[in-house]
Each structure stands twice: as structure tokens, then as C-alpha cells.
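A short write-up of the structure that comes next.
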Amino acid sequence: MTVPFDGKSMPHWVRWVAQDASGVWWGYSVEPLRCDHGWYENEVGEYIRLGKTEAAGWRNSLCRIGMTDGKQRRNDETR
């Protein structure tokens, strides 16, 4: 699944991105856990709403955001 946001449009602390069942994309500072209708940060770290798209395949939407040479980049590996 392709994340519809680039690293430049996210806060610097976002390390994970995932979509919920309603189509909302969220950015997380720590790896979130999946629940029935989305993801949660387990009360550690920060999260932010990034936008909304069609919710096709949200269960496989989790992507890690990495840093390379000080620039944020997306890692296409999904779970």
C-alpha cells in the first residue's frame, strides 16, 4: 500500500503511518497496535491525524517512516 503523504508534510517525530477503517490516516511516534477498526499508540508516544482517503486495505496500511541523511523517507514495507 502506498502512503498518500510525503515525509515533508508530516511532523518530524512521525515514525509510523497507518490508516483506520474509516479511511483516516494517522502518524505515530511509536509503532501502533492494530485493533478492530484501526490502530492505537498504547498510551505511549504521540499521534496526529494526517488526512483521509478511501479505506481500501487499511489492515495492511502500517508503514514505517525512516530517516536517511537527515531527510525523512517512507519505507514501503507493510505488515
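Here, each number is a calculation from the coordinates, and none is a lab measurement. All of these numbers come straight from a predicted model, not from anything done at the bench. FYI the Cβ positions are ideal-geometry reconstructions off the backbone, even for glycines, and counts take in every protein chain you see.
Order by neighbour count: ASP36, ASP6, ASP20, fewest other Cβ atoms within 10 Å first, most last. Mind showing how you got there, number by number?
Working: ASP36 5, ASP6 10, ASP20 21.
Arranged by neighbour count, lowest to highest, ASP36, ASP6, ASP20 become ASP36, ASP6, ASP20.
Any chance you could run the full-extension gain for SER22 through TYR40? It's 0.36 nm times the residue separation minus the Cα-Cα distance, nm to one decimal. If you can, show how the numbers build up before the last one.
Details: separation 18, 0.36 × 18 = 6.48 nm, distance 1.42 nm.
Contour length minus the Cα-Cα distance gives 5.1 nm.
What is the fewest-to-most order of LEU33, LEU62 by other Cβ atoms lying within 10 Å of their Cβ?
Values: LEU33 11, LEU62 21.
With the sparsest Cβ surroundings first, the list reads LEU33, LEU62.
For GLY38, enumerate residues with amide H under 5 Å from its amide H, sequence gap 5+ or separate chain, H modeled in the peptide plane.
ALA21
Based on the inverse mean of 1/r over its pairs of different Cα atoms, what is the Kirkwood hydrodynamic radius of region 13-52, in Å?
9.9
With the contact rule set at Cα under 8 Å and sequence spacing of 6 or more, what percent relative contact order holds for region 9-59? It would help to have the intermediate numbers written out before the result.
Numbers: 103 pairs, mean separation 19.9, N = 51.
About 39 percent, as a whole number.
Compute the FRET efficiency between GLU54 and GLU31 as 1/(1 + (r/R0)^6), taking r as their Cβ-Cβ distance and R0 = 22 Å, and round to the nearest 0.05.
Values: r = 24 Å, r/R0 = 1.10.
Using R0 = 22 Å, I get an efficiency of 0.35.
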